[in-house]
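Below is one structure, written out as structure tokens, with a few remarks after it.
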Amino acid sequence: MGGVTDVAPAAPTRVIFLGPPGAGKGTQAARLAVEWQFARISTGDMLRDAIAKGTPLGREAAPIMERGELVPDGLLLGLIRDRIRQADCASGYVLDGFPRTLPQAEGLEAMVGNADFFVFDIEVPRAELMRRLSGRRWCPTCQSTYHVDTSPPTRKWLCDWDSTPLVQREDDKETVVARRLAEYDERTRPLIQYYQGRSHFKFHRIDGNRAPDAVFGELKSILEAGR
Ligand code: AP5
């Protein structure tokens, strides 16, 4: 007969990534999700998927994203509410691109109560952000991300995972990037101060202007230390 274990299940680990477009949130969130077996929740990917499928959400979001503006809070809160209830989020999840406004941050807290989160604010100089975004290439099938100089695919210009031809994201064009950066400064950057002042959020500023492995090493050591 099996005995009753007295080992409590580990508390789920929840992570929020802040940082401007091109800071490396998606790159790091994907690695964390694989290594720690967390669910990765990228609101940008979810919206692009909705656009590709032509759902009502996708039709509403498409013109807003093309302009580089933020999609209305109510739509994002509905998406996240449904997603974090799914079984794969039970042991932990990484939020990549959410929350991005104060109402989204408050809405998240209303959903999860006093749950603990790690908050990683990845900072990268503006010129480097522009370099990364202009060189980013993207797989429309599996949403993997590459860079023409720093992380090209094995075969030019096909996805390593499914051989789909890689494309440039429409919102990585220069004028749209400028609008996305302005939206970040006006509406998302204030969340840094918000999270620094809240006890359930372990806030860490991360220097993202380093090789991906160096950034990942720091994130990993923070999570392992639980601080
Ligand atoms: P979203 O898809 O979330 O885009 P974003 O936040 O602008 O972030 P990016 O995907 O551009 O950059 P990233 O930080 O993930 O960098 P990445 O790892 O790819 O959102 C798109 C749109 O959807 C928004 O504009 C908005 O309209 C809408 N939306 C989404 N969420 C929303 C929300 N919550 N509320 C309202 N609207 C929402 O890296 C970039 C490049 O750099 C890659 O080529 C990569 O290979 C390279 N790279 C990464 N790390 C490094 C490194 N350390 N060194 C060198 N190169 C690197």
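The values are calculated or read from the model by the stated rules, or taken from the named source; none is laboratory data. Bear in mind the structure is a predicted one, so any value in this text is a computation, not a measurement. In this analysis, Cβ positions are derived from the backbone assuming ideal geometry, glycine residues included, and neighbour counts consider all displayed protein chains. Just the protein is used for accessible areas: all its heavy atoms, side chains included, with ligands, DNA and RNA removed. Shrake-Rupley method; radii C 1.70, N 1.55, O 1.52, S 1.80 Å.
Structure summary
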read-out	value
D_trans [Stokes-Einstein, Kirkwood Rh over alpha-carbon pairs] for the range 39-134, 10 °C, 1.306 mPa s, µm² s⁻¹	107
Three-way shape call for the range 93-180 based on the alpha-carbon gyration tensor, with the a/c threshold at 1.5	prolate
Rounded tilt (10° steps) of 73-84 against the dominant C-alpha axis of the chain	50
Packing-based order for 213-225, 94-106, 21-33, using average beta carbon neighbours within 10 Å, highest first	21-33, 94-106, 213-225
Apportionment of accessible area to carbon and sulfur, the chain, percent (1.4 Å)	53
Rounded to the nearest 20 debye, dipole of the range 10-87 from Cβ charges on Lys, Arg, Asp, Glu	200
Full-stretch length increase - Ala90, Glu174 - with 0.36 nm per residue and alpha-carbon distance subtracted	26.3 nm
Taking the convex hull of Cα positions in the chain, its mean projected area over all directions (nm²)	14.5
Which listed pairs, of Lys173/Lys202; Lys25/Lys173; Lys25/Lys156, have C-alpha distances above 28 Å, in listed order	Lys173/Lys202
Percent RCO, i.e. relative contact order, over the range 134-182, from Cα pairs under 8 Å lying at least 6 residues apart	37
For a label point 7 Å along the Cα-to-beta-carbon line of Ser134, residues of the range 171-204 with backbone N under 19 Å	171-182
Solvent-accessible area per residue for the range 35-85 (1.4 angstrom probe, square angstrom)	52
Whether the range 119-227 is rounded, prolate or oblate, judged on the alpha carbon gyration tensor where a/c under 1.5 counts as rounded	oblate
